[in-house]
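To start, the structure under review is shown below, and the notes come after it.
The values are calculated or read from the model by the stated rules, or taken from the named source; none is laboratory data. From a predicted model like this one, the values you see are computed outputs, not experimental measurements. Positions of Cβ are generated from backbone atoms using ideal geometry, with glycine treated the same way; all protein chains shown enter the neighbour counts. Accessible surface areas use protein heavy atoms only, side chains included; no ligands, DNA or RNA. Shrake-Rupley method; radii C 1.70, N 1.55, O 1.52, S 1.80 Å.
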Amino acid sequence: MNLKLEIINVKDAQFGENTTIRSGILHISRHELQELLQQDKRFSKVDIEIARPGESCRVVRIFDVIEPRCKLGGTGENFPGELGKIKTVGEGRTRVLRGASVVTVNLKESSDYATQTSQEVIEMSGAAADMGFYGKLQNVVLVCRPADGVATIDYHNALKLAGLRTAVYLAEATAGNQADEIENYDIGPLARAEKGLEHLPRIAYIYQVRSLQSVLEIPAHDGCFYGDNMKKILPTIVHPNEILDGAIIKGYRNMGQETYTVQNHPVVLGLYGKHGKELCFAGVVITVATYTEPERERFAAITSKLVKWVLGADGVILTKIGGGAPHVDLGQTLEQCEKLGVKTAAIVNQEALIFNTPLANAIVNTGRPSQTTLPAVKKVIGGPMNYGGKPAEGEIKVSDFNGTASQIGASKFTMREV
């Protein structure tokens, strides 16, 4: 499968009469975009703001962050199963607006575990902006107000679609522009080493996408994989290009993984970067955290055998999503891989692990920032919001920064045992 990411570098963003890009400046028709999004009657009003790097600005109530992208030349569907028809992605041409993002904020909180969001923020200035990734982007922020009587879960579904539609809208407006650079992602059949790479170790990736701990609570339209909520999916082999090209998006619940980090998945990109040089990238198995112990044993057995006997991997990297039981799913899968002779390395970001096996001898902890005091800012997008009883625009203490603590390694942090 060959995927070409045709990248346009965005240096600034501002509102204008038409949506286009000129000399690296993304011009956005606020009125046109508002009209597009307000077609969804689950919103009473849609406001659009821009948060720029260096501004005394704080974005709160983060629901998702998405990199603007669209398919070009009829080479695929945009976010298939969500916006487009269900068709596999990972091939053809995809336009990417690098340096920009679409941020959706959640004005309707939920106490339901499956959709609950935390008081996460994106800081656009100061030391906190340097701690993550999103403070360095031109962030187009959607403040979508729920219509009267709309259920929380339906509002969250509308938010998800609004973010995806805006990402496609912005990217499609630049379809006629020449790309600044092109990135090629090309790996042939996964079941065998490509010619000339037989001497390199085959390395696979086990990607735990979404936890089923609350299987009875996950809404039907909380799509993560080609529009499916994955509550009954078995471990499945996917081509790494599918992950980079919109097959997987964030679920409703914030778990330290925004859609932006999936589109720029650090493990997938890291393995691609070493493919043909230090290793042969053997493919990806997606799985989930399970609901019962028999399921956990079944999934661990299936996943490990796919990695060993179908992908033919010599080694594998594992990540998880969520805390608690997902640790155990990861640990049991890791142990089964090691018993089959597949060397393992696990990435986690919790302070403690709740599994113990002597076979887990390569664990990377991405760490997370401790509670940090943020200075007062001049502008807040997504408010009002209180942090510890203090208004969001004032000096506040927070521990969750979007773009810092990541369970798949999209972080500048790490933790070292001393």
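Which links in Lys274/Lys320; Lys41/Lys85; Lys85/Lys250; Lys160/Lys274; Lys87/Lys231 stretch past 26 Å when you go from one Cα to the other?
Pairs exceeding 26 Å: Lys160/Lys274.
Antiparallel as a % of all DSSP beta bridges within region 1-90, to the nearest 5?
40
Among bridges DSSP assigns within the chain, what percent are antiparallel (round to 5)?
Of all bridge pairs located within the chain, approximately 50 percent are antiparallel.
Could you give the accessible area per residue of the chain, probe 1.4 Å, as a whole number in Å²?
For the chain, the per-residue accessible area is 40 Å².
Identify the trypsin sites (Lys or Arg not before Pro) of region 16-88 meeting these criteria: DSSP loop state and at most 13 other C-beta atoms within 10 Å of the C-beta.
Lys41, Lys85, Lys87
I want the antiparallel fraction of DSSP beta bridges within region 49-201, as a percent rounded to 5.
70
Roughly how many percent of the accessible protein surface of the chain is carbon and sulfur, given a 1.4 Å probe and a whole-percent answer?
Result for the chain: 50 percent of the exposed heavy-atom area is carbon or sulfur.
Amide H neighbours of Ala100 under 5 Å, counting only residues 5+ apart in sequence or on other chains, H built in-plane at 1.01 Å?
Under 5 Å from the amide H of Ala100: Val10, Gln138.
Classify region 248-317: rounded, prolate or oblate, from the alpha-carbon gyration tensor (a ≥ b ≥ c, eigenvalue square roots; a/c under 1.5 rounded; otherwise prolate if a/b is larger than b/c)?
oblate
If the cut-off is a Cα-Cα distance under 20 Å, which lysines reach Lys136, setting aside same-chain residues fewer than 8 apart in sequence?
The qualifying lysines are Lys11, Lys378, Lys379, Lys412.
Within region 165-207, report the GluC sites (Glu not before Pro) that DSSP leaves as loop and that have at most 16 other Cβ atoms within 10 Å.
Passing both the DSSP loop test and the Cβ count: Glu194, Glu198.
By its C-alpha gyration tensor, with a ≥ b ≥ c as the square roots of the eigenvalues, how is region 1-120 shaped: rounded for a/c under 1.5, else prolate for a/b larger than b/c, else oblate?
Cα axes put region 1-120 in the oblate bin.
Do you know the relative contact order of region 297-418, to the nearest whole percent, from alpha carbon pairs under 8 angstrom that are 6+ apart?
Reported relative contact order: 23 percent.
Give me the three principal axis extents of region 326-365 from the C-alpha atoms, as integers in angstrom, largest value leading.
Result, largest extent first: 28, 16, 15 Å.
When only DSSP loop residues count, what GluC sites (Glu not before Pro) in region 308-372 have their Cβ near at most 15 other Cβ atoms within 10 Å?
The qualifying sites are Glu351.
Please work out whether region 256-372 counts as rounded, prolate or oblate from its C-alpha gyration tensor, where a ≥ b ≥ c are the square roots of the eigenvalues and a/c under 1.5 means rounded, while otherwise a/b larger than b/c means prolate and anything else oblate?
oblate
Which value, in Å² and to the nearest 10, is the accessible area of Thr88 when all protein chains are kept and the probe is 1.4 Å?
It works out to around 90 Å².
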